[in-house]
């Protein structure tokens, strides 16, 4: 998304929408998007990153489907990755089995981007607020 915003290149936006649309087709009833087509598991970090990208894409395109998919992903994270004592890194999307209970702090801090953005997006536009844009930018 940074490339489109910086360059205003419609081909970059077209590619971003195509990628997002492709992955949204694989979003499960859990709201989680598989880590790969062959492996039906969810990792916390990519779920977070993808949901943030979907919210950005929603704002840029004005298409509600990206916002809806991002909210479904967030709800899936909260339902399946969350534990009483934190978050788990891997979840089997089909069986809901949780794996790898030791999670890196950086992944939890990255999850804060999604929480912040989900809360703030109802009040502000991402790309109209320099502080918000800076806080949730890609690594």
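Of the residues making up the stretch 32-52, those that are touching a residue at least 60 places away in the same chain (Cβ under 8 Å) and assigned to a helix (DSSP H, G or I) are 44, 45, 48, 49, 51, 52.
Evaluation of residue 83 against the conditions (1) farther than 20 Å from residue 125 by Cα; (2) buried (at least 18 other Cβ atoms within 10 Å of the Cβ) shows that the sole unmet condition is (2). Against the test of being surrounded by 12 or more Cβ atoms within 10 Å (Cβ to Cβ), closer than 23 Å to residue 58 by Cβ and either modelled with pLDDT under 90 or in contact with a strand residue (DSSP E or B) (Cβ under 7 Å, 6 or more places away or on another chain) (or both), the options 117, 78 yield a single qualifying residue, 117. Selection of first residues in the stretch 86-99 that are without any contact (Cβ under 8 Å) to a residue 24 or more places away in the chain and on the phi > 0 side of the Ramachandran plot and of second residues that are buried (at least 18 other Cβ atoms within 10 Å of the Cβ) and in a loop (DSSP other than H, G, I, E, B), restricted to Cβ pairs under 7 Å at least 6 apart or on distinct chains, gives the following pairs, ordered by first then second residue: 86/103.
Residues that are assigned to a helix (DSSP H, G or I), under 15 Å from the mean Cα position of the chain (by Cα) and modelled with pLDDT under 70: does the stretch 91-108 have at least one? Yes - at least one qualifying residue is present in the stretch 91-108. Can you find a residue in the stretch 26-41 that is under 25 Å from residue 125 (Cα atoms), more than 11 Å from the chain's Cα centre (by Cα) and surrounded by fewer than 13 Cβ atoms within 10 Å (Cβ to Cβ)? Looking for residues that are under 25 Å from residue 125 (Cα atoms), more than 11 Å from the chain's Cα centre (by Cα) and surrounded by fewer than 13 Cβ atoms within 10 Å (Cβ to Cβ), one finds none in the stretch 26-41, hence no.
The values are calculated or read from the model by the stated rules, or taken from the named source; none is laboratory data. If you're wondering where the values come from, they're calculated on a predicted model, not measured in any experiment. Reconstructed Cβ throughout: ideal geometry from the backbone, glycine too, with neighbour counts over all protein chains shown.
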